[in-house]
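Nothing in this text is a laboratory measurement; each read-out follows from the coordinates by a stated rule. Bear in mind the structure is a predicted one, so any value in this text is a computation, not a measurement. Here Cβ is always computed from backbone atoms with ideal geometry, including for glycine, and neighbour counts include all displayed protein chains.
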Amino acid sequence: MSEEVQVPIASDMDVVRARQEGRALALRLGFSVSDATLIATAISELSRNIVSYARTGSVLMRSIREAGRTGMLILAADAGPGIADVPLALRDGFSSSGGLGLGLPGVRRLMDEFEIESAAGAGTRVTVRKWLP
């Protein structure tokens, strides 16, 4: 049976809640403490991007089972300004906010699968998956 948690994101407190809920779900699914921490870090980065760039959005976390394997899907979505140049935003070191530029490239490295849909003025949807070893 699939387990699902959705957290509306509009503040730093919501970022913390999404991170905690995601870590707890990962542990319930059987991920190691270290993998659960990596998943929580990815959720934190995605949630913080929503607060920083779009102000509001949501993070959906769901258990998944495909082809005999178990994992976790995370979908971060917002209706914010979108990303004008997605390939540039995915480059290490790029930051439109003056930060270190580790957000999206870091999330991509932490997770097994990474998809992004975004366009200027159209919001952003990032879908990531992590599979149990």
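Run the helix sum for the chain: -39,500 (n - 2.57) per DSSP H stretch of 4+ residues, divided by residue count, reported at 222 nm to the nearest 500 deg cm²/dmol.
Values: 4 runs with 47 residues, N = 133.
Computed mean residue ellipticity for the chain: -11000 deg cm²/dmol.
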Table column - 3J(HN,Hα) (Hz), region 19-36, Karplus curve with 6.51, -1.76, 1.60, x for Gly and Pro
4, 5, 5, x, 5, 4, 5, 4, 5, 4, 7, x, 5, 5, 4, 5, 5, 4
Average Cα contact separation per residue, region 4-131, under 8 Å, 6 or more apart, as relative contact order %:
25 percent
What distance in nm separates the two pseudo spin-label positions at D112 and A10, each 7 Å out from Cα along the beta-carbon direction?
3.5 nm
Taking H placed 1.01 Å from N in the peptide plane, check which residues at least 5 places from T70 or on another chain put their amide H under 5 Å from its amide H.
L132
Sort region 26-73 into rounded, prolate or oblate with this rule: let a ≥ b ≥ c be the square roots of the eigenvalues of the Cα gyration tensor; rounded if a/c is under 1.5, and if a/c is not under 1.5, prolate when a/b is larger than b/c, oblate otherwise.
oblate
